[in-house]
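Structure first, commentary second.
The values are calculated or read from the model by the stated rules, or taken from the named source; none is laboratory data. Keep in mind the model is a prediction, meaning the values are calculated, not measured. Every residue, glycine among them, receives a Cβ derived from its backbone with ideal geometry; neighbour counts consider all protein chains shown. Only protein heavy atoms, including side chains, enter the accessible area calculation; ligands, DNA and RNA are left aside. Shrake-Rupley method; radii C 1.70, N 1.55, O 1.52, S 1.80 Å.
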Amino acid sequence: MIYYACSYVPLEILLASKLPFAKIDSVDYTEDPLVHRNLCGYCKTTFESLKAMNDKDLFIAVDSCDAMRRINDLARDFSKARIIQLRLPWKRDDESKNFYRDQLANLLEVLSLVRGSSITLEELKEGIKRFNDLKDYLWQLHRENLKYNEIQKAIDFANSGKRYQPSLKYIRKGVPRLAVVGGIIKDREFLKMIEDIGAELVLNETCGGMRGFTGETFSASDPLYEIATRLIQRRVPCGRFVDIESDTSPLQKILLSQKPEGVIKLNQKFCDFFDDYPVPKEIPSISLEIDFPLSSLGQLSTRIGAFVEKLRKGIAGAISRKSKGKYFLGVDSGSTTTNLVVINDSEEILLWKIAPTGINGSVTAHKLLKEAQEEMNFTADDIAYCVATGYGRDIVDFANETVTEITCHAKGARTLFPHAQCIIDIGGQDSKVIRLDEKGSVVDFSMNDKCAAGTGRFLEVMSRVLEKDLDAMAAAAERARKKLSISSMCTVFAESEVVSLIGKGESINDISAGLFRSISKRIVAMYKRVKGQPPVVFTGGVARNSGIVKTLQEELGVKFLIPKIPDIVGAYGAAIIGKEKVVK
Amino acid sequence: MSKKSVVFGSILRKFKDDPARFRRILKAGMGLETLRRKKFSDKNRPAFINTINHLAVLEVFKALKGNNVAWVNLLAPSELLLATGMSPVSAEGISGTMSSMHLEDLPLSLASSNGISSSLCTFHRTSIGTAFWKVFPKPDIVVTTTILCDGNAGSFYKIAKSYGAPFFLIDVPRGRKPEYVPYVERQLYQLIELIEEITARKFPFDKLAQHLEWEKQTVENLYRARKLLISKSIPMHLYEQMNALYVMHTLAGTKELLTASQELIRDLEASQTSPDIRLLWLHIPPYYDNALFETFSPTGKTWVVTDELWWDWLYPVRPEDPIKSLAEKLVFNIEAGSVQERGEFLINLARELNVSGAIHFSHWGCRQSSGGAGYLKSVFSQEKIPFLELTGDCVDHNSESAGQLKTRVSAFLEILGVKE
Ligand code: SF4
Ligand code: SF4
């Protein structure tokens, strides 16, 4: 079998050879000490497959990036497969095209050897034709608005030169149409997640999707030259090429013709560095960093969910009031605490509750609901509408609807402070910065990455190390004399750093102040990233800590607006969104 | 330099929001340092060391002053720029300068707020951030190659674009094959055309020939020095390894580097002291003041005697066939080859120089070097040469605590029989 991993492999030539071929298609790998952690997950899975190949197999290696280059090197010693190496130029001018043509000629020779007879000019032309048919067919499926999981299957088949007959399921009408561009993605779970948040994928442009099937190849007297021209100059270039963001880029044209309402730019870790995939200005887009294979779908779904909510421009359409209910509930099921707020028609908070989420978020939410009902003496019928938000919003089964915490925080904070332009929320395990426009809609937001740095958790750990509670830490920081710097932002490293500072005899006062500065740094970076500006509302449990408030205010040079109960702003926003649905 | 730089950095930091003022103060500081290293260098240190330390700071100082400056990566053919009177400065060196003052967090956060991924190498991220910050004046040209690494193209493109400066990328196919030479050669001619456009002058091929003549001699000298290194060594700080490797790359073909290479031979010949343990450093050492600077210092028992990147670029360039030989120099650079070739080259170097062990610094985000670290470890252990892989960050002093580096290195040295 012939295998390949990169979309710069010319399918035209593979089809011309009539040999069976397949794109490496696994997402599993075990950590191999040979493959460094600085390499992307896609390389790791490729290497895993390479190790499993036998001596009848041929691997077409393309050095599309340093990681692949090293994997290809290693394959020579650690895979039984024969390997042919294509050197990809990282420029797109005519010289580079000629260079790649020679590489293709080499491939042609090897494939001829493999099958025992040379691939003729006629066969090459036929290969081009078969490739074009396949490509047109895939784009046809896009035009027909088929469900994307069917299209994705067709793409996967096409990667082996085969045509897949999709079942005729179509995408839903009237929901936001999304496109993904950038780092490789093809996971079914990703497609499902997009559906679950109420949107439809209409284009996967990444190298796990249609990127390899772009650019025209015409029949010409020198087919190899023609194929090289498509690959180097006409197709959508990958992130290794520098001039990808020009206005004439083929990606722009494709996006304009597919008419997505929003574009998700996926930047794969250790691969896409510059976030400059060219999206036409008129189409809103969001940039997200991902791993391959995907981890933490939860965070991604919050981010994409918030983006979709933004696209829908608020939540559309009022619905009729359920029975005679007079209360609106907001439930924020976060990773540390679950908060519940009950409001009335005038958006007054009648009751609020906070409890640790614990291991079963659903039980906790039910418990809070029950307590609220008992305290205020109301039944399920008295609830007009309930909106759940937060990381665990989907497990709140008594909610009528779920909305992301981004939108809810924006709503809550803006209701409390009608002039707010920016919200900083530091929760137990994540933190976010949200920028609003004049009307209070979310324009941009940034969340911290899957780690405790810059969150309440960081402070908790440090407070344990210092054996002082958070208020005592704040008081200690007030007395600091020296500007100590805690350089590690990572909680684990910072912990050992603090231990060694204590060992060196540094004062707890100075260390506390250093810790507050360290967490602030992280938040400041996020604030800058979204281009935040005052007035800034500070929410989340951490906002009650005077130490962090003071330091962060100093670093940002702004004075915060802080709600009386900063923990429940998300839940309050959720309740208001519910109220606005019903009462218009 | 280390401790002083950090103090200077903390003063400079106060002016971070005023790039013009920041530049003035930095320029004054670096001007003084350049002068000090030239006129008042430590006469007890080897002449070679004093020279490279001076050249390293001079290069950045010139970039700070502006005027005929080219931002380049380590392997860009500086010879072509030097011939026209331009001063090349390595962007890695600029990042290193920021790092040595513990100021790299400022450009890093600027890069990150402009959407640059945190998984990009910090040399690149810091130089991009520094370019955005406009602390350095606009360069006249930005030139880079696709080796050593694939991050160059995009990073230098960003730098050039942020300044609105002309940009030239030399695509060097990986694989070290003779048939790649004409492709690279043609690109070098294109670069020459661009340089002619910028300088509005005919390209001075006679000057280039002179530079290549110097380079040829420098290379011969370094090979002689390599022979001497077998039994001798000169005491160096770890950061001086860094200065050496980056001056060697960006100033290849200068009279100054030729002088340095002569000094190196004399220093080695005259050297009386030798450490208990001699080590080889692979890839790049961390730039900022860290615990390893104490471990590997002239007064210690363990010396890093040389770095991998002193030797990758040595090529017998031909003044009579300048462009072709420069193209060959790029194509045949050992780092443009496979990990197997790199392994063989390093094993030879380690055996020849008789080192007790090697330390590979796998710099965060650097995929070309760390992508081969596991393999190198296995071939070094087959050869029974102790090998330590350190992971960390050469530029970002906030990234991993220096204490960790020290623990790992100390354990390695214990295995080699060094007692604290
Ligand atoms: S996903 Fe990116 S880093 Fe990984 S192999 Fe492809 S181009 Fe290289
Ligand atoms: S450290 Fe590695 S990735 Fe960074 S510039 Fe050097 S070679 Fe490139």
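Add -39500 (n - 2.57) for each DSSP H run of 4 or more in the protein assembly as shown, then divide by its residues: what number comes out at 222 nm, to the nearest 500 deg cm²/dmol? Working shown, then result.
Details: 36 runs with 468 residues, N = 1004.
My calculation for the protein assembly as shown gives -15000 deg cm²/dmol from helical runs alone.
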**OP:** Calculate, for the range A:1-70, the solvent-accessible area per residue in square angstrom, rolling a 1.4 angstrom probe over the heavy atoms of the protein chains.
**Re:** 31
**OP:** Compute the relative contact order of chain B as a whole-number percentage, counting only Cα pairs closer than 8 Å that sit 6 or more residues apart in sequence.
**Re:** 18
Original post:
So for the protein assembly as shown, taking the charge dipole from beta-carbon charges (+1 Lys/Arg, -1 Asp/Glu), which of A:L340, A:L351, A:N38 sits furthest toward the positive end?
Top reply: A:L351
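Under the rule a/c < 1.5 gives rounded, and otherwise a/b versus b/c splits prolate from oblate, where does the range B:3-415 land using the Cα gyration tensor?
rounded
Tell me, what % of the accessible area of the range B:3-415 is carbon and sulfur with a 1.4 angstrom probe?
53
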Subject >> Net charge dipole size for the protein assembly as shown [Lys, Arg +1 and Asp, Glu -1 on Cβ; Debye, nearest 20] >> reply: 1400
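At the nearest 100 Å², what buried accessible area, both sides summed, do you get for A and B when the probe is 1.4 Å?
Details: alone 25620 and 16540 Å², together 37500 Å².
So the buried area, both faces added, is about 4700 Å².
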**OP:** Write out the trypsin sites (Lys or Arg not before Pro) in the range B:250-292 meeting two conditions: DSSP loop, and at most 10 other Cβ atoms within 10 Å of their Cβ.
**Re:** none
**OP:** Let me have the relative contact order for chain A, percent, based on Cα pairs under 8 Å that are six or more residues apart.
**Re:** 11
Original post:
Dipole magnitude of chain A about its Cα centre, charges +1 at Lys/Arg Cβ and -1 at Asp/Glu Cβ only, in debye to the nearest 20?
Top reply: 580
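Using the Cα centre as the reference, give the magnitude of the dipole from point charges on the C-beta atoms of chain B (Lys, Arg: +1; Asp, Glu: -1; all else neutral), rounded to the nearest 20 debye. Don't skip to the end; give the middle numbers.
Working: 49 positive and 46 negative charges, 224 e Å.
That gives chain B a dipole magnitude of about 1080 debye.
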Subject >> 24 Å Cα-Cα reach of A:K129 towards lysines, excluding residues that sit fewer than 8 places from it in its own chain >> reply: A:K18, A:K23, A:K97, A:K153, A:K162, A:K253
**OP:** Mind pulling the angle between the C-alpha long axis of helix A:148-158 and the longest principal axis of chain A? Nearest 10 degrees, somewhere in 0 to 90.
**Re:** 30
Original post:
Looking at A:C65, A:N448, B:Q187, which one has the Cα that reaches farthest to the positive end of the dipole of the protein assembly as shown (charges on Cβ: Lys, Arg +1; Asp, Glu -1)?
Top reply: A:N448
Original post:
Across the range B:10-25, in residue order, what do the Karplus-derived ³J(HN,Hα) couplings come to in whole Hz, using 6.51 cos²θ - 1.76 cosθ + 1.60 with θ = phi - 60° and x for Gly and Pro?
Top reply: 5, 6, 4, 3, 4, 9, 4, 8, 10, x, 5, 5, 3, 4, 4, 5
**OP:** Give the shape of chain A as rounded, prolate or oblate, defined through the alpha-carbon gyration tensor: a ≥ b ≥ c are the square roots of its eigenvalues, a/c under 1.5 means rounded, and otherwise the shape is prolate if a/b is larger than b/c and oblate if not.
**Re:** prolate
**OP:** Quick one: what are the phi-derived ³J(HN,Hα) couplings along the range B:225-233, Karplus 6.51/-1.76/1.60 with θ = phi - 60°, whole Hz, x for glycine and proline?
**Re:** 4, 4, 4, 5, 4, 4, 10, 10, 7
**OP:** Evaluate peptide B:162-171: per residue, the Cβ atoms of other protein chains within 10 Å of its Cβ; return the mean as an integer.
**Re:** 2
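How shielded is A:262-274 by partner chains, expressed as the average number of their Cβ atoms within 10 Å of its Cβ atoms?
Working: counts 0, 0, 0, 1, 0, 4, 2, 4, 5, 5, 4, 17, 13.
Counting Cβ atoms of other protein chains within 10 Å of each residue's Cβ and averaging gives 4.
Return the percentage of antiparallel bridges among DSSP beta bridges fully within the protein assembly as shown, rounded to the nearest 5 %. Write out the running numbers ahead of the final one.
Details: 24 of 90 bridges.
Of all bridge pairs located within the protein assembly as shown, approximately 25 percent are antiparallel.
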**OP:** Determine ³J(HN,Hα), in whole Hz, for all residues of the range B:26-41 in sequence, where each value follows from phi through the Karplus function 6.51 cos²θ - 1.76 cosθ + 1.60 and θ = phi - 60°; x replaces Gly and Pro.
**Re:** 4, 5, 4, x, 6, x, 4, 5, 4, 5, 4, 5, 7, 8, 10, 5
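Please work out how much length the chain gains when fully extended from A:L113 to A:R76, using 0.36 nm per residue of separation minus the C-alpha to C-alpha distance, in nm with one decimal.
Gain on extension, A:L113 to A:R76, equals 11.4 nm.
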Original post:
Over the range A:30-75, what relative contact order in percent results from Cα pairs under 8 Å that are six or more residues apart?
Top reply: 41
Original post:
Amide H to amide H, which residues 5 or more places from A:E261 or on other chains are under 5 Å from it, using H placed in the peptide plane?
Top reply: A:R177, A:L178
Subject >> Farthest positive-ward along the range B:254-320 dipole, Cα basis, beta-carbon charges - from B:I265, B:W310, B:F293 >> reply: B:I265
Subject >> Crossing angle, helix A:456-466 versus chain A [Cα axis fit, 0-90 degrees, rounded to tens] >> reply: 70
**OP:** At 7 Å along the Cα-to-beta-carbon direction for both B:K134 and B:A209, put a label point, then send me their distance in nm to one decimal.
**Re:** 4.5
**OP:** Treating the angle as unsigned and between 0 and 90°, give the value, to the nearest 10°, between the Cα long axis of helix A:491-503 and the longest Cα principal axis of chain A.
**Re:** 60
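Using a 1.4 Å probe and counting only protein heavy atoms, arrange A:K129, B:K216 so the residue with the most accessible area comes first. Each step should come with its number before you reach the end.
Working: A:K129 120, B:K216 65 Å².
The residues order as A:K129, B:K216, largest area first.
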Subject >> Whole-angstrom gap from the range A:82-123 to the range B:80-132, using each part's C-alpha centre >> reply: 38
Original post:
Accessible area of A:C271, 1.4 Å probe, to the nearest 10 Å²?
Top reply: 40
**OP:** Mind scanning B:K38/B:K62; B:K177/B:K329; A:K44/A:K147; A:K411/A:K432; B:K4/B:K27 and naming the pairs with a C-alpha gap bigger than 19 Å?
**Re:** A:K44/A:K147
Original post:
Whose amide H sits under 5 Å from the amide H of A:V443, counting only residues 5 or more places off or on another chain, with H placed in the peptide plane?
Top reply: A:R435, A:L436, A:D437
**OP:** Please work out the C-alpha center-to-center distance from the range B:338-400 to the range A:175-233 and express it in whole Å.
**Re:** 38
